[in-house]
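Q: Got a structure here, written out as structure tokens. Questions coming.
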Amino acid sequence: MDTPQHKRRLAAIVFTDIVGFSKLTEGDEVRALELLAMQKQIVQPIVQESGGQWLKEMGDGLLLSFPSSYDAVQCAIRIQKGVRGVRNLVLRIGVHQGDVVQTENDVLGSGVNIASRVETVAPAGGIAVSDKVQRDIAHHADLSTQSIGFPKFKGIDDAFEVYCVTNDDLPVGISHGKVDLPGRLAKRRSLVLPIAVAVVVLAMVAAFFLRPGGGVDLSAIPPKSIAVLPFDNFAKGEAEQNFADGLTEVITATLSKIGELKVISRTSVMAYRGDNRPTSPEIAAKLNVAHVLEGSVQRAGEQVRIVVQLIDAREDRHLWSETYDGQFSEVFDVQTLVAKNIAGYLEANLTQQEQARIARKPTQNMEAYDQYLVLLQRGIVHIAKRELDTNLALAKKVVALDDQFAEAHAIIALCHLGYHWSGIDRTEARLALARTSVAKAVELAPEAPMVHTAKGYLHYWGLGEFDKALAEFELARKMEPGASQHIEDIAWVQRAKGDLPLALASMDKALELNPQSDMVLREMGFTHIVVKNFGRAIEILDRAILLNDAADYYGLKIDAIWARDGTPETALAFLKEAQGIVGRDKYLIHEHRFELALGNYGESLKAVEFIKQDPFLSQSRVIPKALARAFVYQRMGEPEKMRPELEAALAMLKRMATENPIDPRVQMNMGLTYAMLGDAEQALMRGGQAMALYPLAKNAVNAQRIHIQMGLIYLQLGQADRCIELLHPLKDKPLGMEVGELKSDTAWDPVRDHAAFKAIVE
């Protein structure tokens, strides 16, 4: 029975939290108070106008109440819109409908508890809602949601599905396992699922997550296999967390040097960071691993305590534990000792070379090592500019602290090569920087696997010397046989050489050591597109998307759908769905091309204008926006509008060619621009230069694009016979990425019925 002092009621509860509040305001009480005041100033009027009740302030968190789930979600959307763009005021919001007990001085009840838990899985700037709220708002057409699965919440035994609100381009949180079939992007899901169907779907999901090939017989798991789970950090602060995460990476790498052990990559275990870790048998099934190493770190200045325990994951049985107390400078000895103890317990023999490798100390400068640990957890091979900029700055900082740190020089080289390969800076000067750093790393530590990784990428990304690259990657793999990275590197080079069956086999091996790697799945999907196995590619990319809703993965799936169907309609429909998840500014080049192929010229031009980067840059393309507009005007039959756009595009491309004369993308598009202007001499010269810079032998996958563009130049010049001559050698080449465009672009109509052309697209 309720009393005047204890009132129980059903309500929709909204729980908010400021992302990174503790870090933002650490040691600055004035700043903290200012941020909280700003939050209240913005949010309180919105709550009042929405008919909500301001129940409670809890540090940087707010507890709000509403009479209906619909009102609560609408208010949450208004709040996120209201704080958007306000410096340091980024909120997570959770919404749940449940019982609330309001006392004289407090608000209690399961509704409050669950709302606070739901908030923790909301992305920064996003809104997460419980299944109860989802059911309440499902019939409101103005609200849209996407499932993020069934998170495991501390203190809550019964699992329930959580959704993220997707209105107004709100972000979607990470997946926690979905009931939907892989790749489904529907913003609404059926509220009633027949029991029989539910059983089938759940069985499919279980089979997928346990192993790609089906269920797992735990007794069949290789006994000498182990996964190092993310170490718990018992100290507060970013530096301490970096140390804990870095130690996880280093111990994984140390164990990977032992040939008789199967060691799961760090990438596949980071999902188990935090309190919501599955049981050991569940981890054993998902990773196909017999043992897990759990650990915790407590660091205070130079004092470090590291606790590790080895568990038989199949039986969830504790096998061995050890506590190490000492100075931070002794961490290398701890890493070596842990590796030796595990090897001994699992009866893995250590060769003398392996003992030397795991005992090696990369530096004597512990400050440099601290920064190096940050680099390791970020990953060492990137092609995105933001990641490259950050890694290069960090690696240079490490070298400034210790110029003899070979691995840091290797990472600097990998950054320079990333700029070159991605097309951000494809200059000789950038290559020279990479060469210098590789040479320094080799001089300092020829026995370090990462050094040979960097040297391999110099030959692969920088020089196109595939056999030399393979030799370096194989050497790195020999030094660190349990590391999936080296197998992945080998696979990428095999693909570039055109050895596609070997490449796919290597990717399968990499996936055994890194079973939850969205990147490996992405590359497998890309490779299946290349070999024109489009259905398989889509299946694999769906698996990657389940692990990581990365824009790039949706982009590849768009290409696969386009190539499979041969028409832009279905690809455009999926593109629109994907844009609803990752943002309107993604896939705009695709959108421009699809709308152009469909004859929707106004929409095609609109897509071009939305492109922020001019020129649009990718690994295989350099497209001035003016050139994209010229394509549209040509198709519309409006030469008076086309010509000034071509002249503007040519001016931009000439500037780029002056800065970087060896970029085949620039030369080829200059050739295409000249062809559209009617200058055959310049068109053929520039196109020929591009082909000379990037011949088919340079890359069996990526070089094809250059040659296909040369075919377009011939067609622009009315030389269909020359186009066929060029295309004929390509009929046996891996051209899957180009199939969609070849099938649907009317520019190819003059040769569409020719046997050589049909052989390429079929």
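The values are calculated or read from the model by the stated rules, or taken from the named source; none is laboratory data. Remember, predicted model here, so these are calculated numbers, not experimental data. Positions of Cβ are backbone-derived with ideal geometry, glycine not excepted, and every protein chain shown enters the neighbour counts.
Q: Which residue pairs have Cβ atoms under 6 Å apart, sit 6 or more places apart or on different chains, and have a first residue in region 129-147 that is touching a residue at least 40 places away in the same chain (Cβ under 8 Å) and over 12 Å from C164 (Cβ atoms) and a second that is of a type outside the set (S, T, N, Q) and surrounded by 23 or more Cβ atoms within 10 Å (Cβ to Cβ)?
A: I137/V73
Q: Moving on to the next point. Taking M450 as meeting all but one of (1) farther than 21 Å from V622 by Cα; (2) buried (at least 20 other Cβ atoms within 10 Å of the Cβ); (3) in contact with a Lys or Arg (Cβ under 9 Å, 6 or more places away or on another chain); (4) not polar (S, T, N, Q), write down the number of the exception.
A: With (1) farther than 21 Å from V622 by Cα; (2) buried (at least 20 other Cβ atoms within 10 Å of the Cβ); (3) in contact with a Lys or Arg (Cβ under 9 Å, 6 or more places away or on another chain); (4) not polar (S, T, N, Q) applied to M450, the lone miss is (3).
Q: Looking at region 744-761, is at least one residue small (G, A, S), in the same structural domain as L653 (by TED's automatic domain parsing) and in contact with a His (Cβ under 6 Å, 6 or more places away or on another chain)?
A: Scanning region 744-761 turns up at least one residue that is small (G, A, S), in the same structural domain as L653 (by TED's automatic domain parsing) and in contact with a His (Cβ under 6 Å, 6 or more places away or on another chain).
Q: Residue by residue through region 57-74, note down the ones that are among the hydrophobic types (A, V, I, L, M, F, W, C) and assigned to a helix (DSSP H, G or I). It would help to see each step written out before you state the result.
A: Going residue by residue through region 57-74, those that are among the hydrophobic types (A, V, I, L, M, F, W, C) are 58, 62-64, 66, 72-73.
Across region 57-74, the qualifying residues are A72, V73.
Q: Which of the residues belonging to region 28-56 are in a helix (DSSP H, G or I) and either in contact (Cβ under 8 Å) with a residue 40 or more places away in the chain or touching a strand residue (DSSP E or B) at 6+ places or on another chain (Cβ under 7 Å) (or both)?
A: Of the residues in region 28-56, the ones in a helix (DSSP H, G or I) are 29-49.
If the condition is that a residue be in a helix (DSSP H, G or I) and either in contact (Cβ under 8 Å) with a residue 40 or more places away in the chain or touching a strand residue (DSSP E or B) at 6+ places or on another chain (Cβ under 7 Å) (or both), then L35, M38, Q39, I42, V43, Q44, V47 are the ones that fit.
Q: Output the number of residues of region 284-313 satisfying the condition of being assigned to a helix (DSSP H, G or I) and more than 21 Å from A339 (Cα to Cα). Break it down stepwise before answering.
A: Initially, region 284-313 is screened for residues assigned to a helix (DSSP H, G or I), giving 284-287.
Next, from what is left, pick out any that are more than 21 Å from A339 (Cα to Cα): 285-286.
Total satisfying the criteria: 2.
Q: Criterion first (surrounded by fewer than 21 Cβ atoms within 10 Å (Cβ to Cβ) and either out of contact with any strand residue (DSSP E or B) (no Cβ under 8 Å at 6 or more places or on another chain) or at positive phi (or both)) does L470 satisfy it?
A: On the way: surrounded by fewer than 21 Cβ atoms within 10 Å (Cβ to Cβ): yes; either out of contact with any strand residue (DSSP E or B) (no Cβ under 8 Å at 6 or more places or on another chain) or at positive phi (or both): yes.
Criteria met by L470.
Q: When you check G687 against the structure, is it at pLDDT 90 or above, part of a loop (DSSP other than H, G, I, E, B) and more than 26 Å from W492 (Cα to Cα), yes or no? Step through it out loud before you land on a result.
A: Values: at pLDDT 90 or above: yes; part of a loop (DSSP other than H, G, I, E, B): no; more than 26 Å from W492 (Cα to Cα): yes.
When the stated conditions are applied, G687 does not pass them.
Table: residues versus (1) of a type in the set (A, V, I, L, M); (2) surrounded by fewer than 20 Cβ atoms within 10 Å (Cβ to Cβ).
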position: N391; (1), (2): no, no
position: A400; (1), (2): yes, yes
position: L417; (1), (2): yes, no
position: G423; (1), (2): no, yes
position: F466; (1), (2): no, no
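Q: If you don't mind, another one. For region 205-258, enumerate the residues that are assigned to a loop (DSSP other than H, G, I, E, B), buried (at least 17 other Cβ atoms within 10 Å of the Cβ) and modelled with pLDDT under 80.
A: Listed by number, the list holds a single entry, V216.
Q: A further question on this structure: Picking from V331, V338, which residue would you name as being within 17 Å of I264 (Cα to Cα), at pLDDT 85 or above and of a type in the set (V, I, T)?
A: V338
Q: Got a sec? Which of R357, R299 is touching a residue at least 40 places away in the same chain (Cβ under 8 Å), basic (K, R), in contact with a Lys or Arg (Cβ under 9 Å, 6 or more places away or on another chain) and under 30 Å from G418 (Cβ atoms)?
A: Details: R299 fails: under 30 Å from G418 (Cβ atoms).
Going through R357, R299 in turn, just one is touching a residue at least 40 places away in the same chain (Cβ under 8 Å), basic (K, R), in contact with a Lys or Arg (Cβ under 9 Å, 6 or more places away or on another chain) and under 30 Å from G418 (Cβ atoms): R357.
Q: Shifting gears a bit: Can you tell me which residue within region 602-618, out of those that are of a type outside the set (A, V, I, L, M, F, W, C) and in contact with a helix residue (DSSP H, G or I) (Cβ under 6 Å, 6 or more places away or on another chain), is nearest to E647 (Cα to Cα)?
A: First, pick out the residues of region 602-618 that are of a type outside the set (A, V, I, L, M, F, W, C): 602-604, 606, 609, 612-615, 618.
Okay, now just the ones that are also in contact with a helix residue (DSSP H, G or I) (Cβ under 6 Å, 6 or more places away or on another chain), so 603-604, 614.
Working: E603: 23, S604: 20, D614: 15 Å.
Filtering region 602-618 for residues that are of a type outside the set (A, V, I, L, M, F, W, C) and in contact with a helix residue (DSSP H, G or I) (Cβ under 6 Å, 6 or more places away or on another chain), the one nearest to E647 (Cα to Cα) comes out as D614.
Q: Next question. Out of (1) surrounded by 15 or more Cβ atoms within 10 Å (Cβ to Cβ); (2) without any contact (Cβ under 8 Å) to a residue 40 or more places away in the chain; (3) closer than 24 Å to G482 by Cα; (4) not assigned by TED's automatic domain parsing to the domain that holds W461, what's the single condition that is false for V331?
A: The one condition V331 does not meet is (2).
Q: To continue, here is another question. Looking only at region 70-100, filter to residues that are small (G, A, S) and modelled with pLDDT of 90 or more; which one of those is surrounded by the fewest Cβ atoms within 10 Å (Cβ to Cβ)? Show your work before the answer.
A: Our first condition is that a residue be small (G, A, S); within region 70-100, this holds for 72, 76, 82, 85, 94, 98.
Going one step further and asking which of them are modelled with pLDDT of 90 or more, we end up with 72, 76, 82, 94.
Working: A72: 30, A76: 32, G82: 16, G94: 26.
It comes out as G82.
Q: Moving on to the next point. Name the residue that is farthest from V129 (Cα to Cα), counting only residues in region 154-176 that are of a type outside the set (D, E, K, R) and at pLDDT below 75. If you could, list the steps in order and put the result at the bottom.
A: Taking region 154-176 as the starting set, the residues that turn out to be of a type outside the set (D, E, K, R) are 155-156, 159-160, 162-167, 170-176.
The next check asks that each one be at pLDDT below 75; those that pass are 155-156, 175-176.
Details: G155: 18, I156: 16, S175: 14, H176: 14 Å.
Residue satisfying both the conditions and the ranking: G155.
Q: For region 371-405, what are the residues that are over 22 Å from E240 (Cα atoms) and modelled with pLDDT under 85?
A: H382, I383, A384 - these are the residues of region 371-405 that are over 22 Å from E240 (Cα atoms) and modelled with pLDDT under 85.
Q: Being hydroxyl-bearing (S, T, Y) and within 27 Å of P278 (Cβ to Cβ) is the filter here, so list the residues in region 127-155 that pass it. If you could, list the steps in order and put the result at the bottom.
A: Here is the first cut: in region 127-155, the ones hydroxyl-bearing (S, T, Y) are 130, 144-145, 147.
Within region 127-155, S130, T145, S147 qualify.
Q: Starting from region 468-486, take each residue that is over 17 Å from A356 (Cβ atoms) and list its partners that are of a type in the set (D, E, K, R), counting only C-beta distances under 6 angstrom and pairs at least six apart or across chains.
A: Listed by first residue and then by second, the contacts come to E472/K455; F473/D489; H486/R477.
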